[in-house]
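This report refers to the structure that appears directly beneath it.
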Amino acid sequence: MGIAKEVVQHPEDLIPLAKLVVASKKIKMQLPAEPHWGFAYSMLQNVSRSFALVIQQLGPELRNAVCVFYLVLRALDTVEDDTSIPVDIKVPILLGFHEHIYDRDWHFSCGTNAYKVLMDKFHFVAVAFLELSKSHQEAIEDITMRMGAGMAKFICKEVETVAEYNEYCHYVAGLVGLGLSKLFHASRLERLAPDSLSNSMGLFLQKTNIIRDYLEDINEIPKSRMFWPRHIWSKYANKLEDLKHEENSLKAVQCLNDMVTDALAHVQDCLEYLSDLKDPAIFRFCAIPQIMAIGTLALCYNNAEVFRGVVKMRRGKK
Ligand code: IN0
């Protein structure tokens, strides 16, 4: 639904949307002069406009490190997601990615649209990475190594148990929390948060995305993507894709509520993590995605629309 139609139906969204547009215009003008930082920040805006704003409100000592970390993770994600890469090519790249970020000449063409540009011009990200402080480099390298290994482990492995579901979400999102906590600490802006709380911050976001994107993932061509754990959906259906059929919507919504309840178990840790933060900009950076996620989960709960299309929060509400 176009932004204009949304505003007509929800005039109360106009002010926040206007503020968003003004803020993004102001930031567009401030792109750094150096080619590698110019590329990094314009790439950030291309892959996630709203989150780019959230990163750019961070202080100078942290902004560059989080920007590079975000792009390295998006690149790793692009390799993991590209179904046209044969497994025997993909696995070594995932396992060696933590070395490639130090290599100005390394690049591997894959992905589509903005992500293809990110991969083709990845040397800019490596140059920017090499300009970060040693402690920031070590934090990003450690997380990239552990995430690459975790992704490689699940390339040919189905998510069966809830423990495997938590393990997969740890590799692709929990580790992001551990990495960000290390970056905040390395910048001497926050104490180092307990891994369990940092992990929950990532799991809550990732599980919300997995629940929201059920239909998009199950209809993925050429091969459907299945992240819902068998031990949950097999209580409601014989096959995960059966949940999308109208005649199964009662069981489907029961399964959905089961998944949402599982995700809500991480909320207490997330509130504890947020309440321990001292720096206002870091608090905003961490709180905004969490607020988006709880809003999205509330929209998904008990909502059969999840099995008919992707349920998204209105931009104005964002
Ligand atoms: C993120 C997270 C993120 C932000 C702040 C603190 C975090 C603590 C632990 C884990 C992740 C944390 O936020 C982004 C938000 C984002 O990109 N939102 C998209 C909308 C969307 O639906 O994708 C937007 O366009 O606004 C996030 O979702 N992830 C992420 C990736 C890298 C970094 Cl450095 C921080 C992705 C994921 C998979 C949830 C970790």
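A few remarks follow.
- Shown is the FRET efficiency for Glu34 and Glu138, computed with R0 = 25 Å from the Cβ-Cβ distance and rounded to the nearest 0.05: 0.60.
- Remark: the Trp106-Thr83 segment gains 6.2 nm on full extension, using 0.36 nm per residue and subtracting the alpha carbon distance.
- Value of Rg to Rh for the range 31-141 (Rh from inverse mean 1/r over Cα pairs, i.e. Kirkwood): 0.95
- Assuming charge only on the beta carbon of Lys and Arg (+1) and of Asp and Glu (-1), the dipole of the range 157-318 about its Cα centre is about 600 debye to the nearest 20.
- Length added when fully stretched, Ser196-Leu264, from 0.36 nm per residue minus Cα-Cα: 22.9 nm
- Rough spin-label spacing in nm, given labels placed 7 Å along Cα→Cβ, for Glu216 and Val162: 2.6
- The convex hull defined by the C-alpha atoms of the chain has an orientation-averaged projected area of 16.4 nm².
- Rounded to the nearest 20 debye, dipole of the range 31-141 from Cβ charges on Lys, Arg, Asp, Glu: 380
- Rounded to the nearest 0.05, the FRET efficiency derived from the C-beta distance between Glu272 and Glu246 at R0 = 35 Å is 0.30.
- Selection from Ile101, Leu44, Phe122 lying farthest towards where the dipole of the range 31-141 points positive, charges on Cβ: Leu44
- Student exercise, the chain dipole from Lys, Arg, Asp, Glu Cβ charges, in Debye to nearest 20: 1040
- One chain, two ends: Arg63 and Asn46. Fully extended at 0.36 nm per residue, the span grows by 4.4 nm beyond their Cα-Cα distance.
- Between Gly38, Gly174, Gly111, the residue with the greatest mean-square fluctuation in the GNM of the chain (Cα pairs under 10 Å linked by springs) is Gly38.
- Each listed q (0.08, 0.18, 0.21 Å⁻¹) maps to a log10 I(q)/I(0) for the range 157-318 from the Debye sum over equal C-alpha point scatterers, namely -0.25, -1.08, -1.34.
- Relative contact order, percent, the range 31-141 [alpha-carbon distance under 8 Å, six or more residues apart]: 30
Read-outs: derived from the displayed coordinates by stated rules, not from any lab. Everything quoted here is computed from the prediction, not taken from an experiment. Cβ atoms come from the backbone with ideal geometry, glycine included; neighbour counts cover every protein chain shown.
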